[in-house]
Amino acid sequence: MLTWIDWLMIGGYFGLLAGVVVFTMMRKKIQNGEDLFLGGRSVGWLAIGASIFAANIGSEHLIGLAGSGAAVGLSQSHWEFHSWVLVMMSWVFLPFYYKSGVSTMPEFLERRFGAKARWILSLVSLAAYVLTKISVTVFAGALFFEVMMPEVQITIGSTVITSFWIGAIATVILAGVYSSIGGLSAVVYTDLVQTGIILAGTLSVTAFALHHLGHSGVVLGDGSTAASVGDGWAVLKQTIKAMDNVEQFGLWHSLSHKAFPWLGVVVASATIGVWYWCTDQFIIQRTLAAKNLTNARRGAIWGGALKLCPVFLFLVPGMLGFALWHNNVTVNGTPFQELMYKVVDGAKVIDGDKVFPTLVQNLLPVGFRGLVVAGMIAALMSSLASLFNSVSTLFTVDVYQKLRPETSARKLVTIGRTTTVVMTALGLLWLPIMKAIAGGGLYQYIQSVQSFLAPPIVAVFVMGLFWKRMNLRGAVWGLSLGFVLGMAKLGANALWGGADGFAFIQDFYFSGLLLITSIVIVVVASLSAPAPAEVNTKGLTFAGLDPAFKEENRASWNWVDVVSSIVVVGCVLAAYAYFWTWLD
């Protein structure tokens, strides 16, 4: 139950948020599409990196990733160690995007191939936002409100509106208001503030969980009793190593593993990473708002540094929650096994999607609890606001403006704001279907669906940059057939179940096969048509770079960018090295 001090913390967060939005609006008024969608291309690297991180960290991390940690340990960490992909994006992909002067990724494809490629990617991207972003973010956030604020209800006649729906609708409206009024500038600068709140709030959960587990009185292997924060990590490792299926919590699994075969995970996580961090409008839009290429690159590298955090902020607390549950540790007189369980086949098992909110509700003292709830709201609203801005950009620039090029700048702003409402409604309509196929948890649902959508997009973008001979036919056939095959797999999972049902091909193996298939389609289709014109390759492929482009790109970085990139990649390798053998 939240106290008045907690509510004061939450109210302070909203006050701070409102102040940032007002300041942003006073600083620069929105007069055209570039102001609304790209912040007038005037954003610095610090805000860009923070916005990349805050946009990525949604409620699905606090709910889904923590739940995954409780259920399958480090299995999902490969998708969170994607800092290296952001570094790669900053050096390999970003110069082409930024120097082309485009506003969207579909627009870049049109420059490289033609209008048909732009149309296909626009529609596929909008579908992906409904399937994997809007619905999941709203659902996970609503679930958090349901656990954290069960007392918040509204009664209308005989109908009781629970905190689940109150939280979902309220955050959607608030995020929609400030993203549509303030545009990307408001989103980016509020993300800068919200990044600090997210980090402070989630770090406190990890710290208090370690403290409680370390003082749980569990007998350690050397005969001593856990009595310090440092012992909390030892209890976690001991709990996992004592399990019959200890491999379940490991970093790698066998090739025959039903859900996470190591080869499938490596290919699928890398493919999803390149799609999400290197080609998705949701992320790239922030770098395109930079005042110059130097700030764009440094913002991406800074975002990569922040991306190192989620495993320790969300997944590790989930594993700590499992240890508290498995050892039946008592908090305030109530065993954890009575606080976060669900009944499966008549037996009580840990409910992964309730782990994080349960830790917040029962371990944190007054004040800290309000800070974490504010952090949760920050994560939810930053993701939704970023989604709303990206969706409105895609539809307005790549769909509406293409159909009606004579539309005035002011009307385009209105269309962009209206799009937010429509796409949010579609995301809410997808919720019941999403729940039906999210049997492995929210986070696993996201990665499974993305593994069906990402491969053809990755094939087209990567080959488009590295293979000058690729043409419009290759792009169209690669995107179209790849999307059809991916949706066929998603439909099969929805009808007959995923890994726990009729999985004719394991999800992550399917991702690798779809990537190979998409590449083959691109090559065959491209070779069956004439080579592209020079206008479609000059400055848009590595083979089409001219001396002026190379010189300008070289002038945009120095030793600071190089060293920062090496440090970020080194931290990823160090994390892998530790967790590879941490249970030995």
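We did not get these values from a lab; they are worked out from the coordinates using the rules stated. Owing to the predicted nature of the structure, the values given are computational and were not obtained by experimental measurement. Reconstructed Cβ throughout: ideal geometry from the backbone, glycine too, with neighbour counts over all protein chains shown.
The charge dipole of the chain, taken about its Cα centre with unit charges on the Cβ atoms of Lys, Arg (+1), Asp and Glu (-1) only, comes to about 1840 debye. Assign one of three labels to region 319-390, namely rounded, prolate or oblate, based on the Cα gyration tensor with a ≥ b ≥ c the square roots of its eigenvalues; rounded applies when a/c is under 1.5, prolate when it is not and a/b is larger than b/c, and oblate otherwise. Oblate.
Evaluate E = 1/(1 + (r/R0)^6) for Ser254 and Lys348, where r is the Cβ-Cβ distance and R0 equals 45 Å; express this FRET efficiency to the nearest 0.05. All intermediate terms of the calculation are to be shown ahead of the outcome.
Details: r = 29 Å, r/R0 = 0.64.
So, using R0 = 45 Å, E works out to roughly 0.95.
Considering only DSSP beta bridges where both residues belong to the chain, give the percentage that are antiparallel (nearest 5). In the chain, DSSP labels about 90 percent of beta bridges as antiparallel. Separation between the Val422 and Val366 pseudo-spin-labels, each 7 Å from Cα along Cα→Cβ, expressed in nm? Distance between label points: 5.0 nm. Seen through its C-alpha gyration tensor, with square-root eigenvalues sorted a ≥ b ≥ c, region 180-267 comes out oblate because a/c lies at 1.5 or above while a/b is not bigger than b/c. Could you point to the label whose value was computed as Cα extents along the principal axes in Å for the structure here, given [x] 73, 54, 53; [y] 103, 55, 42; [z] 69, 59, 48? Recomputing Cα extents along the principal axes in Å here picks out [x]. For Lys241, the aspartates and glutamates whose Cα falls under 13 Å of its own Cα, not counting residues fewer than eight places away in the same chain, are Asp584.
Along the Cα→Cβ direction, 7 angstrom out, place labels at Trp7 and Lys116. What is the inter-label distance in nm? The answer from the label model is 6.0 nm. Helix 45-56 and the longest principal axis of the C-alpha atoms of the chain enclose an angle of approximately 60°. Note on region 500-584: the C-alpha convex hull projects to 11.3 nm² when averaged across all orientations. Sorting 343-353, 513-523 by their mean Cβ neighbour count within 10 Å, with the most densely packed peptide first, gives 513-523, 343-353. Going through the cross-link list Lys133/Lys348; Lys133/Lys468; Lys99/Lys538; Lys133/Lys489; Lys116/Lys402, which pairs have a Cα-Cα distance over 23 Å in this structure? Exceeds cut-off: Lys133/Lys348; Lys133/Lys468.
Between Val563 and Phe549, what length comes free when the chain is fully extended (0.36 nm per residue of separation minus the Cα-Cα distance, one decimal in nm)? It would help to have the intermediate numbers written out before the result.
Numbers: separation 14, 0.36 × 14 = 5.04 nm, distance 2.31 nm.
Extra length from Val563 to Phe549 when fully extended: 2.7 nm.
Label positions at Ala409 and Val219, each projected 7 Å from the Cα along the C-beta direction, are separated by 7.5 nm. Between Met487 and Glu247, full extension at 0.36 nm per residue minus the direct alpha carbon distance yields a gain of 83.2 nm. Relative to the longest principal axis of the Cα atoms of the chain, helix 409-437 runs at roughly 40 degrees.
Angle of helix 229-241 to the longest C-alpha principal axis of the chain, folded into 0 to 90 degrees and rounded to 10: 80°. Within the chain, the longest segment free of exposed loop sites, counting chymotrypsin sites (Phe, Trp or Tyr not before Pro) that fall outside DSSP classes H, G, I, E and B and have at most 12 other Cβ atoms within 10 Å, spans 1-501. Its DSSP H runs of at least 4 residues, each contributing -39,500 (n - 2.57), put the calculated 222 nm mean residue ellipticity of the chain at -21500 deg cm²/dmol, to the nearest 500. Given a cut-off of 17 Å, what percent of all Cα-Cα pairs of region 346-422 lie beyond it? Tail of the P(r) past 17 Å holds 63 percent of the pairs.
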